[in-house]
Amino acid sequence: MIDHEHNIWASCHGQYIDKYNPNTTSIQSYKIHPHTESYYLYEDPNHTIWAGTRLGLLYLDPKQEKFIPYPKINEFNNFHNQRFQHIVAAHNGKGLWLSSENSLYFLDYEKGITIPYNTDNQLLKNNYVYFCYEDKAGVLWLATKGSGLIKWDKANNKVEQFTTQDGLSHNIIYAVYEDDYERLWLPSNYGLMC
């Protein structure tokens, strides 16, 4: 990931997240929990650096200069016991969408973690969400492990599922990318779909 100051952030299997400053060629390492690894790094519009890990969500506390677990989990006690695969800012500017192996969460900047969206509230047919993409209309597209592509029109509370029965090459979808022509590109276990 490249942040707003053009620093390059990297994580790999291990206990550190590194920041490389290309202007000074210096590397600063941040130690994270010894029993985890970081899967996804993201800088939000407020310039906070987030890390999705095997043991929950971390953020870089600038005062302590270290990654710490996100504290406002409300009543969701198992929040830090799952793998976070993807983080993206919501278009409304009020928070972040978090894709995990157990749910899709919304992190409201003021309230903290709100309702998890999963099989319990019937948004998902499978709780493992690899990736979340919000299009210009505010529709969420969810890439899932085994349930294909989920289209969630939040404004109309309408959920549609697309699977191999609808023409997808595979039901394991890793991401959703939109091109300049408003086509969605989906990497899967059987190649790239459009």
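The values are calculated or read from the model by the stated rules, or taken from the named source; none is laboratory data. Since we're looking at a predicted model, the values are computed, not measured. Glycine gets a Cβ as well: all are built from the backbone with ideal geometry, and neighbour counts include every protein chain shown. Keep in mind that these areas ignore ligands, DNA and RNA; they rest on the heavy atoms of the full protein, side chains included. Shrake-Rupley method; radii C 1.70, N 1.55, O 1.52, S 1.80 Å.
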Worksheet, complete the sentence: Calc'd 3J(HN,Hα), segment 115-126, phi into Karplus 6.51 cos²θ - 1.76 cosθ + 1.60 (θ = phi - 60°), Hz, glycine/Pro = x, comes to 3, x, 9, 7, 5, 4, 9, 6, 6, 10, 8, 8
Worksheet item: Projected onto the charge dipole of the chain (+1 at Lys/Arg Cβ, -1 at Asp/Glu Cβ, origin at the Cα centre), which of Ala137, Tyr39, Asn21 gives the Cα projection farthest towards the positive end?
Response: Tyr39
Worksheet, complete the sentence: Whole-number value, in Å³ per residue, for the convex hull of the alpha carbons of segment 86-194 is 99
Discussion item. What do you get for trypsin sites (Lys or Arg not before Pro) in segment 19-73 restricted to DSSP loop and a cutoff of at most 14 other Cβ within 10 Å of the site's Cβ?
Written reply: Lys63, Lys72
Item to complete: Please go through segment 87-194 and write out the chymotrypsin sites (Phe, Trp or Tyr not before Pro) that DSSP classes as loop and that have at most 12 other C-beta atoms within 10 Å.
Response: Tyr181, Tyr190
Worksheet entry | Under the Karplus curve 6.51 cos²θ - 1.76 cosθ + 1.60, θ = phi - 60°, whole-Hz ³J(HN,Hα) for segment 92-104, x wherever Gly or Pro sits | 6, x, 8, x, 10, 8, 10, 9, 9, 6, 10, 5, 9
Worksheet item: Carbon-plus-sulfur fraction of the accessible area of the chain, 1.4 Å probe, in percent?
Response: 49
Worksheet item: In debye to the nearest 20, how big a dipole does the chain give about its Cα centre with +1 on each Lys and Arg Cβ and -1 on each Asp and Glu Cβ?
Response: 440
Worksheet entry | Residue with peak Gaussian network fluctuation, the chain [Cα springs, cutoff 10 Å], from Ala137, Ala90, Ala51 | Ala137
Worksheet item: Taking 0.36 nm per residue of separation and subtracting the Cα-Cα distance, what length does fully extending Leu55 through Asp18 add?
Response: 11.5 nm
Worksheet item: For the charge dipole of segment 58-155, defined by +1 on Lys and Arg C-beta atoms and -1 on Asp and Glu C-beta atoms about the Cα centroid, which residue among Asn102, Ser147, Gln85 has the Cα displaced farthest towards the positive pole?
Response: Ser147
Worksheet item: Among all lysine pairs in segment 1-124 that are eight or more places apart or on different chains, how many have alpha carbons less than 14 angstrom apart?
Response: 5
Worksheet item: Measuring with a 1.4 Å probe in the full set of protein chains, what accessible area per residue, in whole Å², belongs to segment 135-187?
Response: 56
Item to complete: For the chain, compute Rh as the Kirkwood radius over C-alpha pairs and then the Stokes-Einstein diffusion coefficient at 20 °C and 1.002 mPa s; write the answer in µm²/s, rounded to an integer.
Response: 122
Worksheet item: If you build a Gaussian network model of the chain, linking Cα atoms that sit under 10 Å apart, which residue out of Ser103, Ser147, Ser169 swings the most?
Response: Ser169
Worksheet item: Taking the chain as a Gaussian network, Cα atoms linked when under 10 Å apart, which of Pro45, Pro71, Pro22 shows the biggest mean-square fluctuation?
Response: Pro22
Practice prompt. Report the GluC sites (Glu not before Pro) located in segment 139-194 that are in a DSSP loop and have at most 10 other Cβ atoms inside 10 Å of their Cβ, or state none.
Written response: Glu182
